[in-house]
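One structure below.
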Amino acid sequence: MLKTIKIIFIMVFASIILSGCTNDLNTESSQEFIKIAAVYPVNQIDTTTAFWNGIELAVREINQNGGINNKELVVEKYDDSASVTEGLEIAEVLSQDQEIKAVIGHWNSSVTLAAAAIYEENKKIMITPASTSPRINQQGYKYIFQHISDDKKFAEMMAELALKENYKRIAVYYADDEYGFELSNYFIRSAENKKINIIDRIPIVIERERVFKLLEKWEVLDVEAVFIADVLSESGRILRLFADADSELPVISATGFNRKNFIKDYSHYLPVSYLSTTFNPESSNENTQNFINSYKKEYNDLPDMWSAHAYEIIGILAEVLKKSDMNSAVDIAENLKQISKFKGLTGDLNYSQTGVLKGQDKYIKIIKEGKISYMINSEMVGGIYNE
């Protein structure tokens, strides 16, 4: 069954009365909308990230400033439940909906890889904010865009971090799925190229006794750190078991652990953890600081990388749709590829001819004793940031 949550952001245009008459043009345009769809596992992501808040904030600001060519921007939220089957069903529906000008989604690489073929065949713009598989944009697609660096780049960065921190004996613990298998492969390849020894590689298990025995094994093998290729929603229990076993192993991961509850619920289980991210709230970038201030004013909270991605994508689409034939996916896609150094929150951005995002910054997020610091190119930046 298709699960849809429609959220419509409406800016109320004031009626302009001249000489006792209503301006018919304004009245007519206020009833027209430009629609975008957002598709992702709603419950999982809305409870662990600020992604939807980023969409909401961007749309509100755009509509308060006249919308897109004086038309309201509307976002419809669809729940794919991280399921390939449901993702394909939604992709079929959205691909046939001529009112939907672009799709922001999907989240999980396995769902995105399957759904992308449907959007491409039907000439529907799709921009994924979170799927990191390099294979997404290796198919020669014209209408598929990836608003995040891929697993290979993040894995290389984390292997470089391991080398800098002098972790020479690493165990790899990976989810037995598309994301875990692909990310762990890239990390192992990069680590071995840097002469780092991969001591063990094993799929994640969550049974208490098996985890304890595994940690005992790693202690005997002098493992110095563990790379976990998984998302936090699945591995949170593992981190608790590490703590129960009094493990002192540093944990290295990628973007999958970037969840707003990581600091509060999990970081105290670990002596130190290293995550990859694209968003540095300590950046001196004026756009970044304006975004943070607006976000805090609206939600009384701090934004995360996922809200930054959402905000950027909406901003890019708004800019492109203003100058595109909105009935032509070909025109929209070409204008997306013509963007030059869009001043985003994660860098000066543009898309390649194959839909790969260029110019996005990548940071290492270091969490120790509840404090966060950021590193780029093996150098500390921005001091300490408290969540």
| note | Expected sort for His268, His106, His309 with the fewest Cβ neighbours (10 Å cutoff) up front is His268, His309, His106
| note | When Lys371, Lys168 are arranged by how many other beta-carbons sit within 10 Å of their Cβ, fewest first, they go Lys371, Lys168
| Once the piece of chain linking Ser328 and Asn300 is laid out straight, how much longer is it, given 0.36 nm per residue of separation minus the C-alpha distance between them? | 6.1 nm
| said: What lysines does Lys142 reach when the alpha-carbon gap must be under 21 Å and sequence neighbours fewer than 8 apart in one chain are set aside? | reply: Lys35, Lys101, Lys123, Lys124, Lys322, Lys323, Lys337, Lys341, Lys358
| When we measure straight from the Cα of Lys264, which lysines land under 24 angstrom away, once same-chain ones fewer than 8 places off are left out? | Lys296, Lys297, Lys362, Lys365, Lys368, Lys371
| message | Taking every pair of distinct Cα atoms and averaging 1/r, then inverting, what Kirkwood hydrodynamic radius in Å comes out for the stretch 297-383? | response | 15.1 Å
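Computed FRET efficiency, Cβ-Cβ of Lys213 and Gln138, R0 41 Å: what is it to the nearest 0.05?
Numbers: r = 39 Å, r/R0 = 0.96.
FRET efficiency, Lys213 to Gln138: 0.55.
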| DSSP beta bridges in the chain, what fraction antiparallel, as a percent rounded to 5? | 45 percent
| request: Compute the FRET efficiency between Lys337 and Asn65 as 1/(1 + (r/R0)^6), taking r as their Cβ-Cβ distance and R0 = 25 Å, and round to the nearest 0.05. | output: 0.50
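For the chain, what is the relative contact order in percent, using Cα pairs closer than 8 Å and at least 6 residues apart in sequence? Show your work: numbers first, answer last.
Working: 765 pairs, mean separation 61.4, N = 387.
It rounds to 16 percent for the chain.
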| said: If neighbour count is taken as other Cβ atoms inside 10 Å, put Val272, Val75, Val330, Val111 in order from fewest to most. | reply: Val330, Val272, Val75, Val111
| said: Could you compute how fast the stretch 200-330 diffuses translationally, taking Rh as the Kirkwood radius over C-alpha pairs and applying Stokes-Einstein at 37 °C with viscosity 0.692 mPa s? Give it in µm² per second. | reply: 186 µm²/s
| task | Any chance you could tell me what percent of the C-alpha pair distances in the chain go past 26 Å? | result | 53 percent
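Bear in mind these aren't lab numbers, they're just calculated from the coordinates by the rules spelled out. All values derive from a computational prediction rather than experimental measurement. Note: ideal-geometry Cβ built from the backbone for every residue, glycine included; neighbour counts use all protein chains shown.
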